[in-house]
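Just below is one structure, and these are the notes that go with it.
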Amino acid sequence: MSGRPVLEPTAAHPITVSPTGRHVTVTVNGEVIAETDQALTLQEADYPAVQYIPLRDVNDSALVCSDTTSYCPYKGDAAYYHVNAAGETVEDVIWTYGQPYPAVGAIAGHVAFYPDKADVTVG
């Protein structure tokens, strides 16, 4: 982590994390991969809101660890998962911050899904 910037949310780049308060279902290739009433909504600046699902509410038998990693100066180091669904492996569908920075610490133990690879329904 040394040498990488660590940024705090500001009025110019706000980040909020709050309980979604509704049922969230995630499907990949038409197969339910996650369902929860405990999702968190992360809203970062002008980006679309992202649902973070508790890992315990994800079908862990569908998950395959990926070698992909990334870094966000606001959130920290991200790891990724592929998802096996409907007989196919969809690569890097999920990301998670194992030790997120304190400003977004609530998302620890949660995962998020790329909207072009999974259908996230908030109802």
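Numerical summary
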quantity: Criterion (touching a strand residue (DSSP E or B) at 6+ places or on another chain (Cβ under 7 Å) and either without any contact (Cβ under 8 Å) to a residue 60 or more places away in the chain or closer than 20 Å to Val120 by Cα (or both)) met by exactly one of Pro19, Pro48, Pro102; calculated: Pro19
quantity: Residue identified as at pLDDT below 95 and of a type outside the set (A, V, I, L, M) among Ser61, Ser2, Ser70, Ser66; calculated: Ser2
quantity: Among residues of segment 63-103, those that are outside any strand (DSSP E or B) and under 14 Å from Val6 (Cα atoms), counted; calculated: 8
quantity: Cβ-Cβ under 6 Å pairs, at least 6 apart or on other chains, segment 109-123 side farther than 25 Å from Gln99 by Cβ and assigned to a strand (DSSP E or B), far side of a type in the set (S, T, N, Q) and open to solvent by less than 70 Å² (accessible area, probe 1.4 Å); calculated: Asp119/Thr27; Thr121/Thr25
quantity: Check on Tyr52, assigned to a strand (DSSP E or B), open to solvent by less than 40 Å² (accessible area, probe 1.4 Å) and on the phi < 0 side of the Ramachandran plot; calculated: yes
quantity: Contacts under 9 angstrom Cβ, first residue in segment 51-69 being closer than 21 Å to Thr36 by Cβ, partner of a type in the set (D, E, K, R) and not in a strand (DSSP E or B), 6 or more apart; calculated: Asp57/Asp37
quantity: Tally, over segment 45-81, of residues that are closer than 18 Å to Gln99 by Cα, acidic (Asp, Glu) and over 13 Å from the mean Cα position of the chain (by Cα); calculated: 1
quantity: Filter pass, Tyr97 being buried (at least 21 other Cβ atoms within 10 Å of the Cβ) and of a type in the set (Phe, Trp, Tyr); calculated: yes
quantity: Breaking point among (1) open to solvent by 70 Å² or more (accessible area, probe 1.4 Å); (2) not in a strand (DSSP E or B), for Ala106; calculated: (1)
quantity: Selection within segment 71-82 - open to solvent by less than 40 Å² (accessible area, probe 1.4 Å) and closer than 26 Å to Gln43 by Cβ; calculated: Cys72, Pro73, Tyr74, Lys75, Gly76, Ala78, Tyr80
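The values are calculated or read from the model by the stated rules, or taken from the named source; none is laboratory data. Since the structure is predicted, the reported quantities are computational estimates derived from the model, not experimental observations. Cβ sites come from the backbone with ideal geometry, for glycine too, and all protein chains shown count toward neighbours. Note: accessible area is taken over every heavy atom of the protein model, side chains too, but ligands, DNA and RNA are not part of it. Shrake-Rupley method; radii C 1.70, N 1.55, O 1.52, S 1.80 Å.
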